[in-house]
1. Looking at segment 257-364, which trypsin sites (Lys or Arg not before Pro) are in a loop (DSSP not H, G, I, E or B) and have at most 13 other Cβ atoms within 10 Å?
2. Beyond 24 Å between alpha-carbons counts as too far, so tell me which of LYS204/LYS290; LYS46/LYS378; LYS256/LYS300 fall in that bin.
3. What is the spin-label model distance, in nm, from SER53 to GLN212 if the labels are put 7 Å beyond Cα along the C-beta direction?
4. Give the Rg/Rh ratio for segment 125-178, taking Rg as the radius of gyration of the Cα atoms and Rh as the Kirkwood radius, to two decimals.
5. If you stretched the chain out fully between GLU317 and GLN134, how much longer would it get, using 0.36 nm times the residue separation minus the C-alpha to C-alpha distance?
6. Relative to the longest principal Cα axis of the chain, at what angle does helix 364-377 sit, 0 to 90 degrees, rounded to 10?
7. I need the trypsin sites (Lys or Arg not before Pro) found in segment 40-108, filtered to DSSP loop residues with at most 11 other beta carbons within 10 Å of theirs.
8. Straight-line reach from LYS117: which aspartates and glutamates fall under 20 Å, measuring Cα to Cα and dropping same-chain residues less than 8 apart?
Amino acid sequence: MKLSWLLATLALVAGCGEKKTNADAPAKVHDPYAVAASNDLLKQVKTAPLAASEVRETMRVPGRIEVDQNRMARVGSPVNGRITDLRATVGQEVQRGSILATINSTELSNAQLAFLKAQSQRELAARAAARAQQLLEADVIGSAELQRRQSELSMAEAEMGAFAGQLKVLGMSSEAITRLAQTRAINSVSQVVASVSGTVIERKVTEGQVVQPADPVFLVADLSSLWVAADVPEQAAGTMRPGEDVVVEFAALPGKNITGKLTFVSPVVSPQTRTVLARLDLPNPNREYKPDMLASVVIKSKPQPRLTVPVDAIVREEGRDYLFVKSGPSGFRLQVVQLGTEHEGRRVVTGGVREGEQVVVEGAFHLNNERKRQSLEKQ
């Protein structure tokens, strides 16, 4: 009897100790981002290793047509004076050397007068030097006097040359200066001459207006080739390089799209607009395109290898992007990822998963519904 009671007591104590041990064991924590797929669900799910593919990033930015600065000239007045005749109008085709306007200038006449005075001084100095040479040969004067006269001649020639240079600055040609020296006739009329062949796109003066050399009078441009300029936000311009493909659309010319390549990307950022200037050349033999036309510019970068996933593989919840990563034969886990831009139905993956990881590329929607169902059951 005592033995039976002892055995019963030991069994009771052992049972109590076993229950206490199981109670003290930590409960298994449920992972709300994990899901175990059934065989039927696995048939709807397709996985693939995360791999790189060739991606051409595109961006659309506003653009405009500009005059090619290498084919444009700001034509100004060479002298201070009053415009007496305007010969060119806006839209007129002119040739290099064409007279655009005439100016009456007292500054020019004063410079011509100073040149003629310097010419007279040089002629007097030349005769004095020649006379001194004759007197030296006749032993009437010493060599020092001859040297003095020759020095005066050199100074007179230098002064005349300086005034001739001033006349060139004021717009007189070498032929006109030679003619002035021969005829000694002062002409106060100066001419504004086109320095390039092209179209007069702007006239900044009227007849009778007083102008100065610093004032632009005409803008002349060769419109047979223009620029398409675009302002690219600095955040998107970091990898942009000349040579990238461009498609340009014009609001004023529906359906008249052109393709080309970037010829210039500015090395600096505009501090006012925080943009980078990019442009391409636009042939315009028929003058179909006009400066200041608005355009829409689509810039395509050169193909680069980037990690991408199909758009259908992305799960969007609570403002974040996720991918299902395979964790076992039938297990998957929802992993937060960082994504870039979309290209032809695929999104660039910039972080959150590594290359080579098995991710769900088809069936993510059904898998996510199953994850939510299982999560609700285990709450």
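Nothing in this text is a laboratory measurement; each read-out follows from the coordinates by a stated rule. Everything numeric in this text was worked out from a predicted model, so none of it was measured. Because the Cβ atoms are built from the backbone with ideal geometry, glycine has one as well, and the counts that use them run over all protein chains shown.
1. ARG274, ARG287, ARG354
2. Where the Cα-Cα span goes over 24 Å, the pairs concerned are LYS46/LYS378.
3. Result for the modelled spin labels: 6.5 nm.
4. 1.24
5. Taking 0.36 nm per residue and subtracting the Cα distance, the gain is 54.9 nm.
6. 40 degrees
7. LYS43
8. GLU107, GLU152, GLU157, GLU159, GLU175
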